[in-house]
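S.K.: Quick one: this structure, given as structure tokens, is what I'll be asking you about.
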Amino acid sequence: MAQNVVVVGAGVLGLSTALVLSAHKNLDITVVAKHMPGDYDIEYASPWAGANYFPVGKPGSNLQRFEKATWTELDRICRQVPEAGIHYQPTRVYGRKKDVGTATGQWFHELTKEDAWFKEVVPNFRILAKSELPEDCDTGTEFTSVCINTAVYLPWVLGQCVKAGVTIKRGILSHISQAGLYHTSGHADVVVNCTGLLASKLGGVMDSSLYPGRGQIVLVRNEPGVMLTVSGTDDGSEEATYIMQRAVGGGTILGGCLQHNSWESQPDPNLAQRIMQRSIDLCPSLAPKTGKVTELSVIRHGVGLRPMRTGGPRVEKEKIEGLWVVHNYGHAGYGYQSGWGSAWEAERFVLDIVQQGQIRANL
Ligand SMILES: Cc1cc2nc3c(=O)[nH]c(=O)nc-3n(C[C@H](O)[C@H](O)[C@H](O)COP(=O)(O)OP(=O)(O)OC[C@H]3O[C@@H](n4cnc5c(N)ncnc54)[C@H](O)[C@@H]3O)c2cc1C
């Protein structure tokens, strides 16, 4: 007999998990969410992401395991599924000694190491010579990574779910136990909780270790020719500089910042100016004629809230008021680069629960 699964959330985690689960023909899956691909809302992190593969997990952590596993799938999609909106990018990552201990420096600690753990994962990894570094940088590496056009990728994953028989519905839950009401049968055997930052406000979950990591971006038409980042800026501990060109005409994302505990949804125009100027300083090919911000052709300014979580992403099972729930949220600034690995971990928990249920039913 089919087991009923409801996935709550249609961000990159909810959709990836639903797609992974849809391979099991004994599961009848519904996705329910307040926000869907195509929406732009401060409560919905996924559309705002760059998004690229810049690994940051500490060696031995779950995050590192998820990031390592996810590369294989992003690489496969990049090679085999051009319509998914992912492409390879030549990438450079620079480190400055003075950023050790700043918010951005900590975030990019693993990424900017010359002896990075992912040097065997991504292709063409090499340490840059001092002569190849910008003046104020102390270290640097080069490798091939990917950049995802989230406006194409999210609808693509959604479409793959629909093709595999997953039902998609809009809905707002005030308590996780309401998930079953959205299944066509009116009942869920297992609920997968992919509600991101809003897991902090969802009845039955109310995770107080979640908090927003505000990110502000500028999307421009200008082409950088290379994907770049630096371990910090001279404009404060929480500001960052990263540049990435999205696949299939998605424009170039200029970032950014990581402002802990800020829920502010509106772009700060002064910060936007700093982001654009820093991007040109780091990558003059963005504005080759004048080197000025006015040469940038802005598509839009944006703000997204990364679902930060003390202790890292939560991927585990829990019984809430008699209902089995598999949590898969709290992926901060790495939901795309760790998403498939995390979805496969959630899948293992769902299958554990379903198999235990079947054993009980057969007794
Ligand atoms: C500026 C910025 C840049 C980023 N860059 C990158 C990058 O380059 N690489 C990378 O890997 N990651 C990046 N990220 C991080 C990435 O965007 C997030 O980790 C990821 O989007 C989180 O996805 P999610 O599915 O957990 O949450 P979300 O995308 O927020 O989705 C949550 C879903 O749950 C639903 N939901 C929540 N509560 C309820 C409820 N009560 N009832 C019904 N539905 C509910 C919402 O409607 C939504 O569908 C970036 C983030 C930002 C903000």
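The values are calculated or read from the model by the stated rules, or taken from the named source; none is laboratory data. For clarity, every value in this text was computed on a predicted model and none was experimentally measured. Glycine also receives a Cβ, built like all others from the backbone with ideal geometry; neighbour counts cover every protein chain displayed. Note: areas computed on protein heavy atoms with side chains; ligands, DNA, RNA excluded. Shrake-Rupley method; radii C 1.70, N 1.55, O 1.52, S 1.80 Å.
S.K.: Return yes or no: is Ser131 assigned to a helix (DSSP H, G or I), at pLDDT 95 or above and closer than 24 Å to Ser279 by Cβ? Steps first, please.
M.R.: On the way: assigned to a helix (DSSP H, G or I): yes; at pLDDT 95 or above: yes; closer than 24 Å to Ser279 by Cβ: yes.
Spelling it out, Ser131 is indeed assigned to a helix (DSSP H, G or I), at pLDDT 95 or above and closer than 24 Å to Ser279 by Cβ.
S.K.: Taking the residues in the stretch 241-258 that are assigned to a loop (DSSP other than H, G, I, E, B) and open to solvent by 20 Å² or more (accessible area, probe 1.4 Å) as candidates, determine which candidate is nearest to Pro155 (Cα to Cα).
M.R.: Among them, the one singled out is Val248.
S.K.: Does the stretch 18-43 hold any residues that are within 12 Å of the ligand (Cβ to nearest atom), surrounded by fewer than 23 Cβ atoms within 10 Å (Cβ to Cβ) and among the hydrophobic types (A, V, I, L, M, F, W, C), and which are they?
M.R.: Listed by number, the residues that qualify are Met36, Ile42.
S.K.: Can you report the number of residues in the stretch 169-197 which are of a type in the set (Val, Ile, Thr), open to solvent by 50 Å² or more (accessible area, probe 1.4 Å) and within 11 Å of the ligand (Cβ to nearest atom)?
M.R.: Quick first cut of the stretch 169-197, residues of a type in the set (Val, Ile, Thr) only: 172, 176, 184, 190-192, 195.
With open to solvent by 50 Å² or more (accessible area, probe 1.4 Å) added as a condition, the list becomes 172, 184.
From what is left, the residues that are within 11 Å of the ligand (Cβ to nearest atom) are 172.
So the count comes out to 1.
S.K.: Something else: What number of residues within the stretch 238-263 are more than 21 Å from Thr102 (Cα to Cα) and touching a strand residue (DSSP E or B) at 6+ places or on another chain (Cβ under 9 Å)?
M.R.: 9
S.K.: Now, a different point. Which condition number in (1) open to solvent by less than 50 Å² (accessible area, probe 1.4 Å); (2) within 16 Å of the ligand (Cβ to nearest atom) is the one that Glu238 fails?
M.R.: Only one criterion in (1) open to solvent by less than 50 Å² (accessible area, probe 1.4 Å); (2) within 16 Å of the ligand (Cβ to nearest atom) is unmet by Glu238, namely (1).
S.K.: Let me ask something else. From (1) within 8 Å of the ligand (Cβ to nearest atom); (2) closer than 30 Å to Gly291 by Cα; (3) in a loop (DSSP other than H, G, I, E, B), pick out the condition that doesn't hold for Gly215.
M.R.: (3)
S.K.: For the stretch 44-97: of the residues being open to solvent by 20 Å² or more (accessible area, probe 1.4 Å) and of a type in the set (Lys, Arg), which is nearest to Leu128 (Cα to Cα)?
M.R.: Applying the filter and picking the extreme gives Arg92.
S.K.: Among what's in the stretch 324-354 and is open to solvent by 30 Å² or more (accessible area, probe 1.4 Å) and more than 8 Å from the ligand (Cβ to nearest atom), pick the residue that is nearest to the chain's Cα centre (by Cα).
M.R.: Result: Trp344.
S.K.: If only one of Thr290, Thr310 is more than 21 Å from Ser209 (Cα to Cα), of a type in the set (Val, Ile, Thr) and either open to solvent by 10 Å² or more (accessible area, probe 1.4 Å) or without any contact (Cβ under 8 Å) to a residue 24 or more places away in the chain (or both), which one is it? Give the steps one after another, and end with the answer.
M.R.: On the way: Thr310 fails: more than 21 Å from Ser209 (Cα to Cα).
Exactly one of Thr290, Thr310 is more than 21 Å from Ser209 (Cα to Cα), of a type in the set (Val, Ile, Thr) and either open to solvent by 10 Å² or more (accessible area, probe 1.4 Å) or without any contact (Cβ under 8 Å) to a residue 24 or more places away in the chain (or both), namely Thr290.
S.K.: Is there any pair with a first residue in the stretch 171-182 that is assigned to a loop (DSSP other than H, G, I, E, B) and a second that is more than 7 Å from the ligand (Cβ to nearest atom) whose Cβ atoms are under 7 Å apart and which are 6 or more apart or on different chains, and what are they?
M.R.: If the second residue must be more than 7 Å from the ligand (Cβ to nearest atom), the pairs left are Gly171/Tyr182; Leu173/Ala179; Ser174/Gly203.
S.K.: Could you please let me know if Arg300 is under 29 Å from Tyr153 (Cα atoms), open to solvent by 60 Å² or more (accessible area, probe 1.4 Å), touching a residue at least 40 places away in the same chain (Cβ under 8 Å) and of a type in the set (Lys, Arg)?
M.R.: Spelling it out, Arg300 is indeed under 29 Å from Tyr153 (Cα atoms), open to solvent by 60 Å² or more (accessible area, probe 1.4 Å), touching a residue at least 40 places away in the same chain (Cβ under 8 Å) and of a type in the set (Lys, Arg).
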